[in-house]
Every structure is written in structure tokens, then in C-alpha cells.
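Scroll down for the structure; my scribbles are underneath it.
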Amino acid sequence: MTYLAKDDQVPRPQGDSSSTPATPSAPGDPHAIPSLTPRERQVLVLLSHAADNREISRQLGIAERTVKAHLTNLMVKIKVTGRTEAALFAYAHHGSLAEGL
């Protein structure tokens, strides 16, 4: 095993972009944002702030069951398979979602 002295530097390859990990893209279809209703956008924005269904229902003054219905509808529209993917989508596209509100 080779140990480096405090002043030694580890050689780094130059011009090799493979050492930099690629940033994964957000899940979902951003082209579907215009098809979301204003209420679905509101739900999605609150979801991006890690709000649970109860908190979303209280902030919007609607029933939790209605929040679930909005989540189901918007997840189909933006082509995500779960709440976590929807939250990541909302976080990544927050600016576009807030434009229509």
C-alpha cells in the first residue's frame, strides 16, 4: 500500500469527463405542465415542499380524498409512477408550475 505525504498530490486526469458523474434528469414529462389544472399545480407545488395529504388539504381547504384524486390525475398527466417521482418532478420544474398560479 502506498501512502502519500501531506505535500503529495494525487494526479488527476485532464480532459476526462468520465470522472464527473452525470446529473440524472428529473422524472416525468415537462411538456405536460400546460395540461395541469391550476389546482393540480397547487397540489404539486405543495408536494415539492414535502407536504403530506393532510397538510395539502388544510392549506387548500379541500378534503384529503380530493387531494388524492388530484395526485392520481396529475401523476398520469406528467407520466410518473409515484409520489416521490411527482415530488422530484415538482422540485425540478417549480418555476414552470408556479407560472400559472
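Structural remarks
- Pairs where the first residue, in segment 53-77, is farther than 26 Å from ASP29 by Cβ and the second is among the basic types (Lys, Arg), C-beta under 7 Å, 6+ apart: GLU64/ARG54
- Number of positions in segment 35-54 that are in contact with a helix residue (DSSP H, G or I) (Cβ under 7 Å, 6 or more places away or on another chain) and of a type outside the set (A, V, I, L, M, F, W, C): 8
- Residues being modelled with pLDDT under 95 and surrounded by fewer than 14 Cβ atoms within 10 Å (Cβ to Cβ) - total across segment 39-72: 2
The values are calculated or read from the model by the stated rules, or taken from the named source; none is laboratory data. Not measured: the values here are computed from a predicted model. Quick reminder, even Gly has a Cβ in these numbers, built from the backbone with ideal geometry, and neighbours come from all protein chains shown.
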